[in-house]
Amino acid sequence: MDTLSYKTVSANKATVNKGWVIVDAESKVLGRLASEVARVIRGKHKPDFTPNVDCGDNVIVINADKIKLTGKKWTDKVYISHTGYPGGQRSATPKEVMAKKSSTILVERAVRGMLPKSRLGRVLFKNLYVYEGAEHPHEAQKPKEIKL
């Protein structure tokens with residue numbers, strides 16, 4: 001006879017319930033926004049969170065061009081990359097990245113750094129969609145807006 005009335009349930013790919021969430025990044029601090037977005041992508045806000053399964057939601061971040069960085073991070077923070085060639089280490093500040101490429105890269109790099117460094121982390125990162133303006137092509141998914 002089993003006296004335990006509850007069992008631990010682990011989610012799997014078939015039983016997971018994924019939704020769509022939209023986040024407005026206007027006047028939000030980059031790191032604080034990225035940590036909350038990574039939490040939602042990972043699925044840690046759900047009661048059936050399982051660490052080895054993609055059980056999080058798809059997240060759409062809009063207004064990425066209106067994001068904030070505190071202090072002197074616009075000029076003092078450094079993003080380092082390597083081309084793969086000898087002597088190919090490159091560095092850029094967030095101001096240079098915004099001028100040369102787009103502001104979506106700042107949000108993507110911040111969120112990617114907060115996800116697991118594994119196969120699961122690479123799969124989870126595909127659930128992030130970042131757009132500079134307020135328009136996005138995911139209206140058919142009926143995303144719910146959340147306040148962070």
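The values are calculated or read from the model by the stated rules, or taken from the named source; none is laboratory data. Treat the numbers as computed from the prediction; the structure is a model and nothing was measured. Methodologically, a virtual Cβ is constructed for each residue, glycine included, from the backbone with ideal geometry; neighbour enumeration extends over all protein chains shown. All accessible areas refer to the heavy atoms of the entire protein, side chains included, with ligands and DNA or RNA removed. Shrake-Rupley method; radii C 1.70, N 1.55, O 1.52, S 1.80 Å.
Note on exposure: Thr83, Thr3 ranked by accessible area (1.4 Å probe, complete protein assembly) read Thr3, Thr83, with the most exposed listed first. For the listed residue pairs Lys18/Lys142; Lys46/Lys101; Lys28/Lys144, the alpha carbons are over 24 angstrom apart in Lys46/Lys101. Here is the list for segment 64-148: trypsin sites (Lys or Arg not before Pro) lying in DSSP coil, each with at most 13 other C-beta atoms within 10 angstrom of its C-beta, are Lys72, Lys101, Lys117, Lys126, Lys147. When a/c is below 1.5 the answer is rounded, else prolate if a/b is larger than b/c, else oblate, so apply that to segment 94-148 with a ≥ b ≥ c taken from the square roots of the Cα gyration tensor eigenvalues. Because a/c hits 1.5 or more and a/b fails to exceed b/c, segment 94-148 counts as oblate. Within the full protein context, the accessible area of Ile62 is estimated at about 20 Å² for a probe radius of 1.4 Å.
Of the residues Ile146, Ile67, ranked by 1.4 Å probe accessible area with the largest first, the sequence reads Ile146, Ile67. For segment 99-148 versus segment 1-58, the spacing of their alpha-carbon centroids is 15 Å. Our summary gives segment 28-112 a relative contact order of 30 percent, counting only alpha carbon pairs under 8 angstrom and 6 or more residues apart. Based on C-alpha pairs under 8 angstrom that are at least 6 apart in sequence, segment 62-148 has a relative contact order of 34 percent.
Rounding to the nearest 10 and keeping the result within 0 to 90°, find how far the Cα-based axis of helix 30-42 lies from the longest principal axis of the chain. The angle comes out at about 30 degrees. Per-residue accessible area (protein heavy atoms, 1.4 Å probe) orders Phe125, Phe49 as Phe49, Phe125, starting from the largest. When +1 charges are put on Lys and Arg Cβ atoms and -1 charges on Asp and Glu Cβ atoms, the dipole computed for the chain relative to its Cα centre reaches about 500 debye.
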